[in-house]
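Here the structure comes first, spelled out in structure tokens, and everything after it is commentary.
The values are calculated or read from the model by the stated rules, or taken from the named source; none is laboratory data. Here the structure is a predicted model, which means the values were calculated and not measured. Cβ placement follows ideal geometry from the backbone for every residue including glycine, while neighbour counts extend to all protein chains displayed. Remember, those area values only see protein heavy atoms, side chains included, never the ligands or the DNA or RNA. Shrake-Rupley method; radii C 1.70, N 1.55, O 1.52, S 1.80 Å.
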Number of protein chains: 2
Amino acid sequence: MTVIYIISFFAVVLAVLFAVYLYLWVKKQPECTERVEGIAKLVQAGANTFMTKEYSVLAKFAAVTAAVILILLPVPIWKGHISENIIMMVAYLSGTILSALAGKIGILVSTIANTRTAEGSRTSLTSAFLIGFRGGAVMGLAVVATSLFGVAGVLLLTGNTTALLGFSFGASSLALFAKAGGGIFTKTADISADLTGKVELGIPEDDPRNPAVIADNVGDNVGDVAGMGADLFDSNVASMAAALVMAASLDQAAGGKINTIMVFFYAAVGLLASIIGIAAARIGKKGNPTSALNSSTYFTTGIFLVLTALGTFAFRGFSWRIWGAAAMGLLVGVLIGIVTDYFTDDRHMIVRNVAKASRSGPAFTILSGVSYGFISSLPAMVGIAVSALVAYKICAPMGDGYAMFGIAMAAVGMLSIVGMIISNDAYGPIVDNARGLVEMGGLGDAALETTDELDSAGNTVKAVTKGFAIGAAGLTVISLLGAYMSEVNSAAVEHGKALLTGFDIMDPTVFFGVLVGAAIPAVFSAMLMLGVDKNAQRMVAEIRRQFREIKGLKEGVEGVQPEYDKCIHIATVGALKELIPAGLMAILSTLAVGFIGGVSAIGGFLLGNIVTGLLLALFMSNAGGLWDNSKKYIEAGAEGGKGSDAHKAAVVGDTVGDPFKDTAGPSLNTQITVVSLVASLMATLFLTFSIF
Amino acid sequence: MTVIYIISFFAVVLAVLFAVYLYLWVKKQPECTERVEGIAKLVQAGANTFMTKEYSVLAKFAAVTAAVILILLPVPIWKGHISENIIMMVAYLSGTILSALAGKIGILVSTIANTRTAEGSRTSLTSAFLIGFRGGAVMGLAVVATSLFGVAGVLLLTGNTTALLGFSFGASSLALFAKAGGGIFTKTADISADLTGKVELGIPEDDPRNPAVIADNVGDNVGDVAGMGADLFDSNVASMAAALVMAASLDQAAGGKINTIMVFFYAAVGLLASIIGIAAARIGKKGNPTSALNSSTYFTTGIFLVLTALGTFAFRGFSWRIWGAAAMGLLVGVLIGIVTDYFTDDRHMIVRNVAKASRSGPAFTILSGVSYGFISSLPAMVGIAVSALVAYKICAPMGDGYAMFGIAMAAVGMLSIVGMIISNDAYGPIVDNARGLVEMGGLGDAALETTDELDSAGNTVKAVTKGFAIGAAGLTVISLLGAYMSEVNSAAVEHGKALLTGFDIMDPTVFFGVLVGAAIPAVFSAMLMLGVDKNAQRMVAEIRRQFREIKGLKEGVEGVQPEYDKCIHIATVGALKELIPAGLMAILSTLAVGFIGGVSAIGGFLLGNIVTGLLLALFMSNAGGLWDNSKKYIEAGAEGGKGSDAHKAAVVGDTVGDPFKDTAGPSLNTQITVVSLVASLMATLFLTFSIF
């Protein structure tokens, strides 16, 4: 079966080479006008400044955590071998470093791809699309290759699946803060720019007179590119780690390595399928960007299903049941995407209803959006529930422990095409930036129209990929619940305690955990949104000050420039101040419940956390998406068009939706993953040191 | 121990006599001016029309449900004795009738008390307060007396605790629809009146020129008085029913009746304590209404704790552990009240922060309100979790089954002072109406100031009682989970199936139920809010039409009157159309999950439903409350005062908050209770007929 390792290695190398090729291809595309390149340099510098500051804060956090791990995990040093703790610490740090690296690569390419896309938009839609997409693909390939490389490396070097959980925790904890910090930065700038520019002064989006416009573009990069990359890196690693933890114990019971090998096979084939999908992506002469992006996703899905079916057919010991579970996961991912599209695209009724409600004022925009957002959570929740149930039932006949492994493989299946998903997702902020550059650089109406079309496709596809990411996180954390229980039980064996058979709802300790765990995602999102809220109020005040005090700025007198750096500074300082508390709250409340209520309370806590985490993530992402598109729908001329009262109401909806969909909603995925991993890592300590 | 039954009987009779006395007292207070009495007649007529129409729709629903019960419950007639099914059906119908009666009594007294309070406000704050409060107290006493009477009657006549669940289901299902219908009516009218009157035309609240003003006052009665009465009637019955189901099985095991007797003792003493508290309520010469209302609550709480302690001391077999559980429940209720007060009263930071955020525009009002609303759910969730855990642990040493009984008694304890709680709550809409009458009848500025002060106290206290109601529902449904499991197990014994030992989270069927159950409260609230949203859009259009077409209306020409009845008609038709689907969705989804996934899936479904139901109910009630009070805080002169941009933003927040706090939020209590009761009643059928 070494052939599978060869395939994995080959897939990683191929992905890296292809990413380098695409990067060079993007780089050699024609540069834009001097003015645009100058603006892009400002954006790039702003992004780099923020990332450097953010990573230095996170490095301190990681150092403290690493020290704690060294002392306590997997076993306190006064009770075990320090060598194990060192391995765990190194695994943790590798997770943080690779996650940071993935984000860094994303920023690197996106700040180059944006000017090329802007230049490309002066020639044709086709070439601009290709530059934007391939820029995103560099990020997609980098994320998947590094995660597969990291997971395989940790496992091969240590042979220890608990170290894998440590690696995954490193990736998640960094992702949590990167997502939170980037999310606060981007929405602070976006909201402030919109409110002062579009609403108060009536100047267009991305107008260079607006002091927040560079910060807004920096935000697209640090929030949507780097943050999202860290998020999906984390989900991908967590899903593989959960599956590999279970595979290892199944392999140990059965002898051999077949289950571990299957996990790598599915991950490697997913990467190969993404490479093929990316290479094949084109936009027809008359084609539109949205369908180009969607059809490459479907194409990749098809290739994955065929290749894994062939593998199941060819390799001895591969099971069709596992294939069924993985396929189930992937199909639910696609289904969630379709539902999200229904709720957030203006081709359908929902967005139009919200636009219509906006005629009666902003309160109705909010009420109808909140309502449809709530409703949109139902199909996805049912989809995740059904896929977990089906995967479990399909794999249960394979023997003890295979049922939970089936759920883990459904998560792996769903995330298999994540390379393609990230490419589509990172495309969004690149073309959004390009649009900004076209506007600020005054490249003309034709280019603006082209980038508008590209941007709108980015928005639609982004909603879909977000639903996908949430679904994947859902299945992953369900399997992490299984991983948690096996960690508890192996600790119980070691310490001569009773084995857990499960977590009974009627046990009041479990119930206590459920209720507390359920409140955490709400508080977590609230803290992030308040961060944006406070920060944006500061920036709005600064922008108003500039328009008031800098003479000629409002009128656009030649040569008069706003102080862009002041806005970047406010966004940076605010984001750094707010990013730690929310994440820390989630981690510390897990520790509090664990040390008070013990392992059963944590079982309940994880369940409560997963359930409301998924519900709120779906609600917030979809509500945000549908408000955004309702506003765009009105801007395109419906319900009175730009400047009408309905439009003003829709702008309020969009402003509320921004931190919903780009700060709180997508950070929740990471929050539930981090909490699940903390629980697994601390299982032994909770078992031995809790009050109850 | 017959003495306990005598005490209960005595408490009920005393409560009824006292309620009649208070009713006559209110009635003999001086009537108001002819003009005010005329307006009040319009309100009364509108309320009666709506209630008659609503009850005739609900009668049809109840008839269909009764027929289904006759055929299927507790055992399908082809398998059991029809006599049991007839008992169940009669119990169900009694529940619906008593619930409707409680609502009817509330409307009767509130539509008399409002004019008397208006008249009283011309004399003094003290007398106006007393009239409003005593009017509310009639409702409070009526609700508690009828619920205690009904529960005792059903139990004494049938000796059958399953019939008690049927009675409770009757009360809940009617409450669900009454709350939904009334909630949609009242918010449709309130929002439409505010948006067109205050915002568009800048005329004051309750201005008689506004065509929706009568509908708004009708809404206060049908939504806040009748709906809330039905809601707390339902919670009170459900908590007693859950406790009595467990008490009966404990009594059977131990011989005797001691546990059943304890439940009645606590309920009866609660009623007595409320009577004393109501009789003692006064407002000092310089006192303010808020502290008068709050201190009567604390006074009642103290009396209850002392009297039950005396009883525990005096009666043989009464347990201090049970007393501890009940006291725990009551104290958590008070704690939730204090937290709610912190988040929703303008003496504290939160409301002021939201008011400050409003300066940056409505989006910030919404974002900060949503965030604080989310955060406010944490202490209440933790409080409920801790009280359930503590009650369980206190009572567990008493023997098998007592631990769950402890949780049930915590719920009974929390609801013991419900008579007082309802009095405070019903006071709110009465003085709100009185304020409207003072404005419409032109009774002068002094009277307006007095009623303004009374109204503001009503708002604050209402937020507190809402938190109380949600907490009580939380503890009740936890104990209903226990009732559900014992129903399943007694059915399992009968059908020779394996007994359930609990509901394991790791069982994918349970997990499936949890995820689906968690989505239901979100969808349920969304449906109600969309109902308000659609309905209000219709009414806004009608109001605008009247101002456009009726000459002299806007200018207030003498003798020109708007067409009030058209607005009442729109609110009525809309509410009746929207009230059934949401409730039906909750009931049918329970049946679907039960018949697909079986009894384990329903266990998970109830858990998911309870958890997100509580979370969303707390979030929506508190967010709505804090928006309302932020607006009032600005209107009192802060952040620019009336007419400023901050005020306009705060009005948007208040409009969003209205259906949050008065339609969706408080209906969620009832939704989770109904779903829990449906599950218990259908337990046998789910066990024998499910697919999985």
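Considering only protein heavy atoms, with the full assembly of protein chains and a 1.4 angstrom probe, order A:TRP323, A:TRP25 by accessible area, largest first.
On the way: A:TRP323 65, A:TRP25 40 Å².
Correct descending sequence by accessible area is A:TRP323, A:TRP25.
In plain terms, chain A is cut at each of the trypsin sites (Lys or Arg not before Pro) found in a DSSP loop with at most 10 other Cβ atoms within 10 Å, and the longest leftover piece is A:317-550. Overall, region B:171-305 carries a charge dipole of about 600 debye about its Cα centre when +1 sits on the Cβ of Lys and Arg and -1 on the Cβ of Asp and Glu, all other atoms neutral.
Taking GluC sites (Glu not before Pro) across region A:496-600, the ones in a DSSP loop with at most 11 further Cβ atoms lying within 10 angstrom of their Cβ are A:GLU555, A:GLU558. Step by step: find N for chain A, compute 2.2 N^0.38 Å, then divide the Cα radius of gyration by it. What's the final number? Against the compact-globule rule of thumb, the ratio is 0.92.
Only helical runs count toward this figure. For chain A, summing -39,500 (n - 2.57) over DSSP H runs of n ≥ 4 and dividing by all residues gives -29500 deg cm²/dmol at 222 nm. According to the calculation over all Cα-Cα pairs in region A:1-124, the P(r) per 10 Å bin from zero is 11, 25, 24, 23, 12, 5, 1 %. In the protein assembly as shown, taking the dipole from charged Cβ atoms about the Cα centre, the farthest positive-side position among B:ILE568, B:MET485, B:ALA357 is held by B:MET485.
Give the shape of region B:475-617 as rounded, prolate or oblate, defined through the alpha-carbon gyration tensor: a ≥ b ≥ c are the square roots of its eigenvalues, a/c under 1.5 means rounded, and otherwise the shape is prolate if a/b is larger than b/c and oblate if not.
Working: a/c = 4.20, a/b = 3.73, b/c = 1.13.
It is prolate, given that a/c is not under 1.5 and a/b is the larger ratio.
Computed about the Cα centre, the dipole magnitude for chain B is approximately 600 debye when only Lys and Arg (+1) and Asp and Glu (-1) carry charge, each at its Cβ.
Relative contact order of region A:233-355, please, whole-number percent, based on alpha carbon pairs below 8 angstrom and at least 6 residues apart. Intermediate results must be reported in sequence, preceding the final value.
Details: 61 pairs, mean separation 18.3, N = 123.
Relative CO of region A:233-355 lands at 15 percent.
Charge dipole of region A:394-520 (Cα centre as origin; +1 on each Lys and Arg Cβ, -1 on each Asp and Glu Cβ, all else neutral): 420 debye, rounded to the nearest 20.
With the full set of protein chains in place, find how many percent of the accessible area of chain A is carbon and sulfur; take the probe as 1.4 Å.
Values: 13470 of 21080 Å².
The value for chain A is 64 percent carbon and sulfur by accessible area.
With the label put 7 angstrom out from Cα along the Cα-to-Cβ vector, A:THR49 ends up 6.6 nm from the copy partners, going from closest to farthest.
Relative to the compact-globule estimate of 2.2 N^0.38 Å, the Cα radius of gyration of region B:50-110 comes out at 1.36.
Taking the alpha carbon gyration tensor of region A:388-445, what are the square roots of 5 times its eigenvalues, largest first, to the nearest whole Å?
Over the Cα atoms of region A:388-445, the semi-axes work out to 47, 7, 6 Å.
Let me make sure I get this right: for region B:597-692, a, b and c are the square roots of the gyration tensor eigenvalues over alpha carbons, sorted descending. Under 1.5 in a/c it's rounded, otherwise prolate if a/b > b/c, else oblate. Which is it? Here region B:597-692 falls in the prolate category. Distance from the alpha carbon centroid of region B:446-520 to that of region A:463-511 works out to 25 angstrom. With Cα atoms defining each centre, region B:564-621 and region A:241-297 are spaced 40 Å apart in the structure. For region A:434-504, the list of chymotrypsin sites (Phe, Trp or Tyr not before Pro) that fall in a loop by DSSP and count at most 15 other C-beta atoms within 10 angstrom is empty. Annotation for B:ALA446, label-to-label distances across the other copies: 8.0 nm (shortest first, one decimal, point 7 Å from Cα along Cα→Cβ).
Take the convex hull of the alpha carbons in region A:457-509; its mean projected area over all directions comes to 5.4 nm².
The residues of chain A expose, per residue, 30 Å² of accessible area to a 1.4 Å probe. Distances between copies at A:VAL16, taken between label points 7 Å from Cα along the C-beta direction, are 8.6 nm in increasing order. Region A:131-161 and region B:178-204 have Cα centres lying 56 Å from one another. Just so you know, the Rg over Rh for region B:442-559 is 1.26, from Cα atoms, with Rh as the Kirkwood radius.
For the protein assembly as shown, the Kirkwood estimate of the hydrodynamic radius, built from every pair of different alpha carbons, is 32.1 Å.
May I ask for the accessible area buried between chains A and B, both sides summed, probe 1.4 Å, to the nearest 100 Å²? Don't jump to the answer; show the numbers that get you there.
Numbers: alone 24280 and 24280 Å², together 42170 Å².
In total, chains A and B hide about 6400 Å² from solvent.
In this structure, the pairs whose alpha-carbon distance is over 20 Å, taken from A:LYS187/A:LYS642; A:LYS356/B:LYS198; A:LYS661/B:LYS631; B:LYS566/B:LYS648; A:LYS198/B:LYS631; A:LYS466/A:LYS661, are A:LYS187/A:LYS642; A:LYS356/B:LYS198; A:LYS661/B:LYS631; B:LYS566/B:LYS648; A:LYS198/B:LYS631. Treating r as the C-beta distance of B:VAL493 and B:LEU14 and R0 as 41 Å, the FRET efficiency rounds to 0.45. Just want the answer: with Cβ charges of +1 for Lys and Arg and -1 for Asp and Glu, which residue in A:ILE430, A:GLY444, A:GLY419 is farthest toward the dipole's positive end in region A:412-453? Checking the options against the dipole of region A:412-453, the answer is A:GLY419. Considering only alpha-carbon pairs that sit under 8 angstrom and 6 or more positions apart, the relative contact order computed for chain B is 21 percent. Dipole of chain A computed with +1 at Lys/Arg Cβ and -1 at Asp/Glu Cβ about the Cα centre; of A:VAL199, A:VAL225, A:THR162, farthest Cα towards the positive end is A:THR162.
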